[in-house]
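Take a look at the structure set out below.
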Amino acid sequence: MNPVLARELRERTRGRRASLILTVYLTLLSGILYLVYYADTGESAAMNGPLAATEVASLGRGIFEWVLFFMFLLVIFLVPGMTSGAISGERERQTLVPLQITLLRPRSIVIGKLLASVAFLLLLVAATAPLLSISYLIGGVTMSSVLAALGAVVATGVILASITVGCSAVFRRTQTATVMAYAIALIMVLGTFLAYAVAGVAESQRQNDFGIEDRPPDELLLLNPLVLAGDLIGSSSSDFFGSASSSSPFDAIHQMVHPQVFEFQEIGAVDFVGPVPIGPDGGPVFEGPGGFVEPQQPDDPDGGIAFWIRSLALLSFLAVTSLVVATRKVRTPARTER
Amino acid sequence: MSAPEEQSGSVATAPEPSEPASAIVVRGLTKRYGDLYAVQDLSLRVPKGSIYGLVGPNGAGKTTTFSVLATLLLPTAGTVEVAGFDPVQSPRDVRARMGFMPDILGVYDNLRVDEYLRFFASAHGIARRSIDPLIGDLLDLVDLSTKREAMVDSLSRGMKQRLSLARALVHDPEVLILDEPASGLDPRARVELRALLQELRSLGKTIVVSSHILSELEEICTEIAILEAGRLLVEGPPAEILRSLAGERTVAVHLMDGTVETYTVASEEEQVELLARLVAERRPILEFRSTGRSLEDVFMKVTKGIVQ
């Protein structure tokens, strides 16, 4: 076992912080689940009595999306804070030098730090996996969607942790590293949407003359783990039983990304009958009433690699680059001291 | 009667070429940060089995020199050899043979003394089964056996210093480099540290220590180098330095009427002659005392005025 990881696990589990974070995290997600359940069932029961099968499926899908959405938010919120002290904290506590003069290789130090952060992340995800699985028990969501969603959460956490470890090695002070890591996370999650929206406005103005509404290049969204997750859970579940409630978060994301989503609703209704084909263009998923439906671009019948694969590849590249930079920063002898 | 003392320049001994009996050889080491020279053309030779003291005021370049020796810092120019290996070319070979204790003690929260040592032992690739007896031995050596299960955070400064020393010894290094090991220690802890260093030397280790207080090192070091402003001023055994630099000494003569006369003599013989002459002159001598003999005075003389 990596000595740095072993030490970190011992240190982290000894303090009260870990159990506190876990408790808060679980409480929040359980609360979200309860709210969604209460809102959906309460609403329907008041009007129609017992839920119809499709309504149950819709409830399951709604719970799934909301719990997943908040899992994402919590991971994006927690990981930079948990990881930003990885290297800079050792510098600040003057413990990095004794570590650098051991026989540990710089990459072992960096990987140990990353794994310590990821281990805690896995604990969080494992603890909340049952919450996500409730939606599977209710219906409307396939097991593959649940697994894909958990995979996307873990991948997002690992990628964010890697980028944060990089920040922690590049910036001398933990405070700076924390701010930078959160800034990057914010750019990934909100900045990409903003860029996409701005590009969308520009695009619609440019193409108005031809009377064709086109969407901006989805490359703008490649850095966004939420879109990645949306694409993954949309494309991996081929049997939708119900539609998500109209206010489900991924639906909202897609409406934001694709203002013309209503045009696809009828197409979605048609697709709903049979298995939904994976979008050949690999673009970000659209959500029609039939759940996540990959829009068919008539002018782009076989667009190549799926969006989530391209997104994951780009994010992984960034993560690896970040770890390489961190390793360089930890390596000694260096040009400047400590 | 008396002439104010003038120090006649620095006496830098020329470094010997690398000999097999050297634990550390430094040749022409220079470290520059922009326009600032932290270390300038420094050459040293640390004999195997010695306790070597690096003395100088703050900013003299001691820590920078140690950082290069400890495989942490790249030199601007010059070559260094620690236990036969170049810290720049083969840092891992040096790390396997060198223990380093930085001037600031980094301590992990939430870790016990034995866990702290276990961590560094495993970071040095020491086999799991030999770690436990090793920790016992190390804690015995630095007299912390009773603190084995205490939290590192709760230790006193002297104890942390000793734990840090145990940490530096975890892989049984040939060469031990200690940056300001006595700083912040109470007198008792200093005496204990001194005894500990002697014990380590008897185990065959070469020890390099730094201090800005010469008297801390005077008694334990077999060799001393005095640094200032990144340059070597003197190097050699304390007694030798004393002889070469303190040949000229001041004698204060207290007379019965309360006046004090000071004389400067060039050697012990001259001092004897001076006393004989004064006695022959029937001067009312109450006290005849030579000053300027301790290494501290040499150090004060040698380092005067170059660094503020």
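State all residues of the stretch B:191-236 that are of a type in the set (Gly, Ala, Ser), in a strand (DSSP E or B) and at pLDDT 90 or above; if no residue qualifies, say none.
Correct list: B:Ser210, B:Ala225.
Between A:Ala6, A:Ala53, which is over 23 Å from A:Val153 (Cβ atoms) and more than 14 Å from chain B (Cβ to nearest Cβ)?
It is A:Ala53.
May I ask you to verify whether A:Leu20 is surrounded by fewer than 18 Cβ atoms within 10 Å (Cβ to Cβ), over 23 Å from B:Leu111 (Cα atoms) and modelled with pLDDT of 80 or more?
no
Would a scan of the stretch B:124-145 turn up a residue that is under 23 Å from A:Glu90 (Cα atoms), within 7 Å of chain A (Cβ to nearest Cβ) and touching a Pro at 6+ places or on another chain (Cβ under 7 Å)?
No, the stretch B:124-145 contains no residue that is under 23 Å from A:Glu90 (Cα atoms), within 7 Å of chain A (Cβ to nearest Cβ) and touching a Pro at 6+ places or on another chain (Cβ under 7 Å).
Name the residue that is farthest from B:Ala150 (Cα to Cα), counting only residues in the stretch B:110-123 that are facing chain A (nearest Cβ under 7 Å) and either of a type in the set (A, V, I, L, M) or not in a helix (DSSP H, G or I) (or both).
Applying the filter and picking the extreme gives B:Ala123.
In this structure, is A:Ile187 out of contact with any helix residue (DSSP H, G or I) (no Cβ under 7 Å at 6 or more places or on another chain), touching a residue at least 12 places away in the same chain (Cβ under 8 Å) and under 17 Å from A:Phe77 (Cα atoms)?
Taking the combined requirement at face value, the residue satisfies it.
Take B:Pro87 and decide whether it is in contact with a helix residue (DSSP H, G or I) (Cβ under 7 Å, 6 or more places away or on another chain) and of a type outside the set (Lys, Arg).
Spelling it out, B:Pro87 is indeed in contact with a helix residue (DSSP H, G or I) (Cβ under 7 Å, 6 or more places away or on another chain) and of a type outside the set (Lys, Arg).
Which residue out of B:Val88, B:Val107 is within 11 Å of chain A (Cβ to nearest Cβ), assigned to a loop (DSSP other than H, G, I, E, B) and more than 20 Å from A:Thr332 (Cβ to Cβ)?
B:Val107
Which members of the stretch B:221-241 meet the condition of being surrounded by 19 or more Cβ atoms within 10 Å (Cβ to Cβ) and either hydrophobic (A, V, I, L, M, F, W, C) or farther than 19 Å from B:Val39 by Cβ (or both)?
B:Cys221, B:Ile224, B:Ala225, B:Ile226, B:Leu227, B:Leu232, B:Leu233, B:Val234, B:Pro238, B:Ile241
Consider the stretch B:91-100. How many of its residues are closer than 12 Å to B:Leu69 by Cβ and facing another protein chain (nearest Cβ under 9 Å)?
Of the residues in the stretch B:91-100, 6 are closer than 12 Å to B:Leu69 by Cβ and facing another protein chain (nearest Cβ under 9 Å).
Has the stretch B:237-260 got any residue that is aliphatic (A, V, I, L, M), part of a loop (DSSP other than H, G, I, E, B) and over 30 Å from B:Ser22 (Cβ atoms)?
yes
Starting from residues that are on the phi > 0 side of the Ramachandran plot and without any contact (Cβ under 8 Å) to a residue 60 or more places away in the chain, keep the ones in the stretch B:167-220 and report whichever is surrounded by the fewest Cβ atoms within 10 Å (Cβ to Cβ).
By that ranking, first place goes to B:Gly184.
Looking at A:Thr174, is it under 18 Å from A:Val110 (Cβ atoms), of a type in the set (Val, Ile, Thr) and in contact (Cβ under 8 Å) with a residue 12 or more places away in the chain?
yes
Taking A:Arg91, is it within 14 Å of chain B (Cβ to nearest Cβ), at pLDDT below 85, closer than 29 Å to B:Arg128 by Cα and more than 27 Å from the chain's Cα centre (by Cα)?
no
The values are calculated or read from the model by the stated rules, or taken from the named source; none is laboratory data. A quick note: this is a predicted structure, and the numbers were derived from the prediction, not measured. When we count neighbours, we look across all protein chains shown, and the Cβ atoms used for this are built from the backbone with ideal geometry, even at glycine.
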